[in-house]
Amino acid sequence: MARVVVFFLLISHLIIRVAFHLPSIISDLILFNLIAFGAAVIAYKSPRSNDSLARITISSAIFIWALSSSFSTWNSFYDLHISEYLIDFGYIAFYPLMFLGVIRALAVTKKITALELLDTAIIALGVSSVIASLLLRPATLHFSGSSYEVFLAILYPVGDLVLVAASLSLIVLQHRTLRSLILFVGICAFAITDLYFLLISATTGYEFAALSDDGWLLGLALIANSLWHHGGESEVSERYLNNWATTIALIFSSAILGYGAIRANYFPFFILLLAFITITLAFLRMALALRDARAVAEDREHARTDELTGLPNRRRFITELELLRRKVGTLLLLDLDGFKGVNDLYGHEIGDQLLKQITTRFNRVLPDTALIARLGGDEFGVIIYGSPDTGADVALALRATCTYPFTLSVGEVRVGVSIGSVTTQGPTTTKEVLLKRADAAMYEAKRSGLGYVQSEITRP
């Protein structure tokens, strides 16, 4: 109901503006700002399925803008003035809140990453600096007044350009939905009204309660209503587009700073600041990307490493086994003899101490090219490239490491090891068959008490 009422009031206000040219308290102080407050309510009351941060920031941005507009309009009708600095603060606060809300409203995932946030900021600021360098410099030549007034005159349209560029970059780089279309149209309506206000103020002079002021209301109403439409989801990764877009934004921003250094005072300070922030964010993004890359590499390594012994785990071992079956080498499966008794008698903590010492001994006798992995419990796997004789020698060396006792916190304990072996001589059977043969040989070594059994050589 509120969504319908807001647009009904907006149309009514337009009719009043056309019919009565003179400003009035009812039309311009009450009705005008009531529409803006209504848009804030619509945004806040949007479906709970929306991202909560998007609802809160967008509704807060519209509410603060409506509050500042009410104060500004009050000053136009009454002698008891509200501080202009307070009004300006509200208008300025609108932009960062709306910027964050737009990003969250158009995000394709429930949780936006730091890189996605930086990508959007870099693209938005980079595009804004380019547009501002082309359009705003001529306008600044017509402004008169204090530096603070010039600052505000530039800040508002630059903020609008950032919002337009941010929403456009999100739409192009991520997804296109009815929500994104309505939101983009609303932001454009708001921005065009601001730019028109800038142009009028710099040329013929702004006339209070102009018909064009309703463009702000239309923009806010559309932005609020966009949250009532489904945002959609993107299943296609377009990270490469983001990388290209951020690179282009960085190049243009660097060019603006470079040209500004060559021709001093050519660009206003605000444009150079946008370009500088863009470059700074690009370096920050690079640092975060490197950090994430290291984190991904560590996660991959952890996913393929046994936490207790630091050896590769079964996943890493199976991957290497796929390579072994195409080459000449030996597969060893090792199972400790007597480990279960030690573990049951002294507990898992002592068992873990034993596994670590066994791992150290095994590593000492393995050639550099060999791979040893903990497959689970007290079972290990070893892959050795080279002739079958090399594999046999390594197997005997591994058995020898368990011929003398291990010194643990509870004293000395003894365990042995049973080893099953299977060799390959080039492209041969599947890794499943290799494991099955080695496992059968290992159980034969344990059952017979031989300690080491070599399966027949598999040939191509």
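The values are calculated or read from the model by the stated rules, or taken from the named source; none is laboratory data. Being a predicted model, the structure only gives us computed values, none of them experimental. Cβ placement follows ideal geometry from the backbone for every residue including glycine, while neighbour counts extend to all protein chains displayed.
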Subject >> Selected residue (only one of Ala370, Ala441 is out of contact with any Asp or Glu (no Cβ under 6 Å at 6 or more places or on another chain), more than 17 Å from Ile318 (Cβ to Cβ) and not polar (S, T, N, Q)) >> reply: Ala441
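Listed here are the residues, each with its yes/no results for (1) out of contact with any strand residue (DSSP E or B) (no Cβ under 6 Å at 6 or more places or on another chain); (2) farther than 30 Å from Thr246 by Cα; (3) among the β-branched types (Val, Ile, Thr); (4) at pLDDT below 90.
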site: Asp306; (1), (2), (3), (4): no, yes, no, yes
site: Asp368; (1), (2), (3), (4): yes, yes, no, yes
site: Arg374; (1), (2), (3), (4): no, yes, no, no
site: Asp389; (1), (2), (3), (4): yes, yes, no, yes
Subject >> Every residue from segment 48-86 that is surrounded by fewer than 18 Cβ atoms within 10 Å (Cβ to Cβ), of a type in the set (Val, Ile, Thr) and either assigned to a helix (DSSP H, G or I) or in contact with a Leu (Cβ under 9 Å, 6 or more places away or on another chain) (or both) >> reply: Ile56
Original post:
Wholly within segment 403-447, which strands (runs of 3 or more DSSP E) include no fewer than the required count, namely at least 2 residues that are under 23 Å from Lys356 (Cα atoms) and among the β-branched types (Val, Ile, Thr)?
Top reply: 416-425
Original post:
Can Lys111 be described as at pLDDT 90 or above, surrounded by fewer than 19 Cβ atoms within 10 Å (Cβ to Cβ) and in the same structural domain as Leu288 (by TED's automatic domain parsing)?
Top reply: no
Original post:
Out of segment 403-426, which residues are over 19 Å from Ala370 (Cα atoms) and in contact (Cβ under 8 Å) with a residue 60 or more places away in the chain?
Top reply: Leu408, Val410, Val413, Arg414, Val415, Gly416
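For segment 35-47, state whether one or more residues are surrounded by fewer than 15 Cβ atoms within 10 Å (Cβ to Cβ) and either at negative phi or not assigned by TED's automatic domain parsing to the domain that holds Ile187 (or both). If you could, list the steps in order and put the result at the bottom.
Step one: filter segment 35-47 for residues surrounded by fewer than 15 Cβ atoms within 10 Å (Cβ to Cβ), giving 47.
Filter once more, keeping what is either at negative phi or not assigned by TED's automatic domain parsing to the domain that holds Ile187 (or both): 47.
Yes, segment 35-47 contains a residue that is surrounded by fewer than 15 Cβ atoms within 10 Å (Cβ to Cβ) and either at negative phi or not assigned by TED's automatic domain parsing to the domain that holds Ile187 (or both).
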**OP:** Please state which of the following conditions Gly145 fails to meet, knowing it meets all the rest: (1) at pLDDT 75 or above; (2) on the phi > 0 side of the Ramachandran plot.
**Re:** (1)
Subject >> Search result, residues across segment 288-303 that are surrounded by 11 or more Cβ atoms within 10 Å (Cβ to Cβ) and modelled with pLDDT of 70 or more >> reply: Leu288, Ala289, Arg291, Asp292
Subject >> Out of Leu332, Leu336, sole residue that is within 23 Å of Tyr404 (Cα to Cα), under 44 Å from the mean Cα position of the chain (by Cα) and of a type outside the set (Val, Ile, Thr) >> reply: Leu332
Subject >> Condition check for Phe32: in the same structural domain as Phe184 (by TED's automatic domain parsing), assigned to a helix (DSSP H, G or I) and in contact with a His (Cβ under 9 Å, 6 or more places away or on another chain) >> reply: yes
